[in-house]
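What follows is one structure encoded as structure tokens, with my remarks underneath.
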There are 2 protein chains.
Amino acid sequence: MSNLVLNAAGRLVCTEINGEAAIPFMGVGKYKPTGRKYSTKIPSNSDYEAGNKLVPTLKDALIKAGIRDGMTISTHHHFRNGDLLANQIFDIAKELGIKNLRWFPSASFSCHEYLIKYLEDGTIHHIEGSMNGGLGVFCSKGKMSGTAILRSHGGRYQAIQDGEVKIDISVIGAGCADPFGNASGTAGQSASGVLGFALGDSEYAEKVIVVTDNLIPFPCVPWQIQGNYVDFVVKVEKVGIPEKIVSGTTEITKSPDRLLLAEMTAKFCDITGIIRDGFSFQAGAGGTALSVGEYFAEIMRKKQIKARFARGGSNKYLVKMLEEGLIDYILDGQTFDLDGVRSATNNPRHVMTTPFTSYNYHSKGNFADIVDVVILGATEIDLNFNGNVVSHSDGFLLHGIGGWQNCLFAKNVIMPIPLVRDRIPVIRDEVTTLCGPGELIDVIVTERGIAINPLRTDLIEKVQGSDLPIKTIQELKAEAEKLCGGAPAKPQFTDKIVAAIKWVDGTIIDVVRQIKE
Amino acid sequence: MSNLVLNAAGRLVCTEINGEAAIPFMGVGKYKPTGRKYSTKIPSNSDYEAGNKLVPTLKDALIKAGIRDGMTISTHHHFRNGDLLANQIFDIAKELGIKNLRWFPSASFSCHEYLIKYLEDGTIHHIEGSMNGGLGVFCSKGKMSGTAILRSHGGRYQAIQDGEVKIDISVIGAGCADPFGNASGTAGQSASGVLGFALGDSEYAEKVIVVTDNLIPFPCVPWQIQGNYVDFVVKVEKVGIPEKIVSGTTEITKSPDRLLLAEMTAKFCDITGIIRDGFSFQAGAGGTALSVGEYFAEIMRKKQIKARFARGGSNKYLVKMLEEGLIDYILDGQTFDLDGVRSATNNPRHVMTTPFTSYNYHSKGNFADIVDVVILGATEIDLNFNGNVVSHSDGFLLHGIGGWQNCLFAKNVIMPIPLVRDRIPVIRDEVTTLCGPGELIDVIVTERGIAINPLRTDLIEKVQGSDLPIKTIQELKAEAEKLCGGAPAKPQFTDKIVAAIKWVDGTIIDVVRQIKE
């Protein structure tokens, strides 16, 4: 392992990961990229049969794509827990005796715990992408051959664009495709809505394989993935399980505590004037975040105002607001349920976005910092408003970053979180893993009070004289510890770095160390 | 001027243009590109104000973009003869005392003859793009400081993508845009329909300026041009004259001779089985080509079949067929009239394409070779079926290539052309300027007979026993010369090369020499 240095956030991080140099976090907006974007080899039409890239099986396609030891294989997560492709790819790799692959998914789900055996037998060297559940535990225990790298959705696009991650083979599952390779998630038995998370993969991978169970005559419209980037098309029986797109976190909360958080959050936004005619908002996939949207809707109806746009992930609640006319546009990055899929397919005001348009920090701006208010969760917050979203207070890596880091650039970042989870206070002296710098996190809403980041003097001023239960974050922390009988013990780690957390600009904001068992 | 060599088409071409090396044409599909696609510098969000790229004037934007001597400035032609921007840009350049600019339009129209004064005074060094009318005459007379380069629509994208032309500043006029730079041609007083010809410019130019007279709050949907590529947004009084989008060539012909050509062409396609259920076609902007579409429609109605898709440029005739259900999709690259604009805006089956999807030859395939039949024009055809589309038999450069070269890759290329134009036979021993190799041109339809390329033995077989007036191209040439009293005199040129004609792969297929006056 390389030398360790203190980065600008005061975290001791490595300067090398998996044999490649890494840049420590330098502060928000401080690191300036140099050089030019990555680009693929110039292809020629003369090497492709007119309009026909069909090959019989995924195995044939992988072989034609030249799969071999040490390659980087990318997949996307639009089927979420209903993905059927990633596991098959590595079954084939195993069968072919391929070793040391880097798996580069846009996210992983519990269905991918199947791949642990391939991490164990050396088929997969390491994962760069979210480490959820079982995969996270495996990584935290130091069992992965290489070091994991976690990136935000935008950071993943940035890493591809900047040539930080060179994808050899991208496999893109699509609900609909034509033999030329145009592909869409908006139709077919396995419709997943959008396919934006595979955009960068299609543009920058040397070889691109589209897999579908719904092959239609050219043209497949809309071509969310453009066939001009595609090398091979494979028709299979079933590409994904759309019912499993709906994950447990995409239903509104029924917990009275969470509903209280949501209501307080909405009230805060109302009182501070964040909710105004033409405003914009983004609420994540969590039950509390979804409920906030419902309270927003109520306020908007009462005030007879509407939002200019809401950012997805889309779900039935957001779709209902769009259809009711409460929002002009949904700008959607991924569909969280089948109502989202339906709306994305049929409503021209339900607009598909990509990590490029929305989140890529190495761009001439993106959508994230245009949003007025974003509602996010966190596993931990510390006294400096720093946030953790990947590990729990027991030190285990259990979640991906998703769009969380990217969304921190919204004009107002509000986190409704319970003060205590499983008898453990959520506000800590210092987050176990740093994912987001406190300077970007504005408000913490808990059931026992609201803490505003002291940097946001404007918000502090606006709530003066209101009946909102404003407290300092120190006060909230003290209350939580009183309830739990003190701060929880710090988890014990070995010195071994098992994962690096990238900031949106590709620098290392923190690392995760192996759990001492 | 550099050495001259005979290229694979037997044309004597230069190996250097404007001081840069040029590759002679090597045969269709023979030149294999090496290296990687061009890419721009990696930007950072931190250098852009969130969601706001507005600057007061085009002049401010050009200055902020760093306009200076020798730069390459690109514009697009979606306003066709109603473009108001290109002339303004060079007025500003002149005012700023900038010299030796390369103007890189996606096409030029007669409104741009205004720029001749800037070609004369050294503000503009040379044009790479179509040389229509007065600009063509100026070029043919050897008056331009540099050598012109003419490319097809696809070749222009290829040149940008491959780094052959590095654009310093791209100026994109749009009927609709938001302050972030998302832009669309589908709304506003200056709606032009699609904006696809500016796509490559937006992706690959170092600085991108969007100009609109219809600034709307974020988001401008659909974002045909993505704000993530845009540096500056300028609001002006009027960005283009949409009425002038309609050019003279977008009305159906009334000439009985031309109607005969169109009818024979359609009949040929019917008899040879090219018109079948699910077929696809493209007809250019000429009056004859448009009429062919009408005859196709008649046949399709009679046979109760429909086309899977038709390629645009779209126009009222094509839109009518879409609305009647005779075609599933219009895949449109540019709108030729206001019905096209309306349909592209409102009909989800009127799908916008770009030179990347449709025409770029340095891609993993494109749409052009998927099309069953394309109807094209030509200024001259020779005994080897070679085609000319840029110059007249008097030697003057008078037209751009447009998508003509790209469309030659369709499965069947048919050219309905009058045997004689202005008392000059259209079939020659050898075309004055070679734009398309004869091996890609299948059928010539004239009022006195149809010649099928001997390479297309399949088509020759299919017309056997029909009442179609099949002749050899030699017979047609002889008839034309009999009518005109012999072949026309060959134009006289000096040795000076005034323009190079690129093939779709960036190689030089022919050059144009200065007219000897």
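The values are calculated or read from the model by the stated rules, or taken from the named source; none is laboratory data. Values in this document were obtained by computation on a predicted structure and should not be read as measured data. Cβ atoms come from the backbone with ideal geometry, glycine included; neighbour counts cover every protein chain shown.
Condition test on B:Leu483, is it at pLDDT 95 or above and either on the phi > 0 side of the Ramachandran plot or among the aliphatic types (A, V, I, L, M) (or both)? It is false that B:Leu483 is at pLDDT 95 or above and either on the phi > 0 side of the Ramachandran plot or among the aliphatic types (A, V, I, L, M) (or both). Within region A:492-517, the set of residues being of a type in the set (Val, Ile, Thr) and part of a loop (DSSP other than H, G, I, E, B) comprises A:Val504, A:Thr507.
To keep it simple, each residue is scored yes or no on (1) farther than 17 Å from B:Ser202 by Cβ; (2) within 14 Å of chain A (Cβ to nearest Cβ); (3) among the aromatic types (Phe, Trp, Tyr).
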site	(1), (2), (3)
B:Lys59	yes, no, no
B:Phe90	yes, no, yes
B:Gly97	yes, no, no
B:Pro105	no, no, no
B:Cys111	yes, no, no
B:Lys117	yes, no, no
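Give the residues of region A:187-214 that are polar (S, T, N, Q) and either surrounded by fewer than 24 Cβ atoms within 10 Å (Cβ to Cβ) or in a helix (DSSP H, G or I) (or both), sorted by residue number.
Residues satisfying the conditions are A:Gln189, A:Ser202, A:Asn214.
Residues of region B:442-479 that are under 17 Å from B:Asp257 (Cβ atoms), within 27 Å of the chain's Cα centre (by Cα) and among the hydrophobic types (A, V, I, L, M, F, W, C): B:Ile444, B:Val445, B:Ile450.
Please enumerate the residues belonging to region A:104-119 that are among the aliphatic types (A, V, I, L, M) and in a loop (DSSP other than H, G, I, E, B). Reasoning before the result, please.
Of the residues in region A:104-119, the ones among the aliphatic types (A, V, I, L, M) are A:107, A:115-116, A:119.
Residue satisfying the conditions is A:Ala107 alone.
Of the residues making up region B:332-351, those that are surrounded by fewer than 24 Cβ atoms within 10 Å (Cβ to Cβ) and either within 13 Å of chain A (Cβ to nearest Cβ) or within 17 Å of B:Phe309 (Cβ to Cβ) (or both) are B:Thr345, B:Asn346, B:Asn347, B:Pro348, B:Arg349, B:Val351.
The residue that is farthest from B:Thr354 (Cα to Cα), counting only those in region A:220-234 that are of a type in the set (A, V, I, L, M) and more than 10 Å from chain B (Cβ to nearest Cβ), is A:Val234.
Note on region A:166-185: among residues that are within 14 Å of another protein chain (Cβ to nearest Cβ) and surrounded by fewer than 24 Cβ atoms within 10 Å (Cβ to Cβ), the one that is nearest to A:Tyr359 (Cα to Cα) is A:Lys166. When region A:1-38 is limited to residues that are within 26 Å of A:Gly438 (Cα to Cα) and among the small types (Gly, Ala, Ser), the one that is farthest from the other protein chains (Cβ to nearest Cβ) turns out to be A:Gly10. Inside region B:365-375, residues that are surrounded by 24 or more Cβ atoms within 10 Å (Cβ to Cβ) and at the interface with chain A (Cβ under 7 Å from one of its Cβ atoms) make up a count of 3. Pairs are defined by a Cβ separation below 6 Å, a sequence spacing of at least 6 or placement on different chains, a first member in region B:58-85 that is outside the structural domain of B:Asp337 (by TED's automatic domain parsing) and farther than 21 Å from B:Gly333 by Cα, and a second member that is charged (D, E, K, R) and not in a helix (DSSP H, G or I); the pairs so defined are B:Ala65/B:Lys207; B:Asp69/B:Lys99; B:Met71/B:Asp168; B:Thr72/B:Arg102; B:Thr72/B:Asp168. Note on region A:108-131: residues that are buried (at least 22 other Cβ atoms within 10 Å of the Cβ), more than 17 Å from A:Asn18 (Cβ to Cβ) and touching a residue at least 40 places away in the same chain (Cβ under 8 Å) total 2.
Only one of the numbered conditions (1) within 14 Å of chain B (Cβ to nearest Cβ); (2) under 23 Å from A:Lys502 (Cβ atoms); (3) out of contact with any helix residue (DSSP H, G or I) (no Cβ under 7 Å at 6 or more places or on another chain) is not met by A:Gly400, and that is (1). Every condition in (1) away from chain B (no Cβ under 14 Å); (2) modelled with pLDDT under 95 is met by A:Asn384 except one, and the failing one is (2). With the condition kept exactly as written, say whether any residue in region B:428-450 is among the β-branched types (Val, Ile, Thr) and under 30 Å from B:Gly163 (Cβ atoms). Yes, region B:428-450 contains at least one residue that is among the β-branched types (Val, Ile, Thr) and under 30 Å from B:Gly163 (Cβ atoms).
Do we find that A:Lys41 is within 12 Å of chain B (Cβ to nearest Cβ) and either of a type in the set (Lys, Arg) or crowded, with 19+ Cβ neighbours inside 10 Å (or both) in this structure? So A:Lys41 passes the test. Residues in region A:172-183: is at least one polar (S, T, N, Q), touching a strand residue (DSSP E or B) at 6+ places or on another chain (Cβ under 8 Å) and within 14 Å of A:His76 (Cβ to Cβ)? No, region A:172-183 contains no residue that is polar (S, T, N, Q), touching a strand residue (DSSP E or B) at 6+ places or on another chain (Cβ under 8 Å) and within 14 Å of A:His76 (Cβ to Cβ).
Of the residues making up region A:5-14, those that are free of Cβ contacts under 8 Å to residues at least 40 places away in the same chain and surrounded by fewer than 16 Cβ atoms within 10 Å (Cβ to Cβ) number 3.
Among the residues of region B:274-323, the one identified as more than 11 Å from B:Ile375 (Cα to Cα), crowded, with 24+ Cβ neighbours inside 10 Å and touching a Pro at 6+ places or on another chain (Cβ under 8 Å) is B:Phe309.
The residues of region A:330-348 that are of a type outside the set (Val, Ile, Thr) and more than 21 Å from the chain's Cα centre (by Cα), listed by number, are A:Arg342, A:Ser343, A:Asn346, A:Asn347, A:Pro348.
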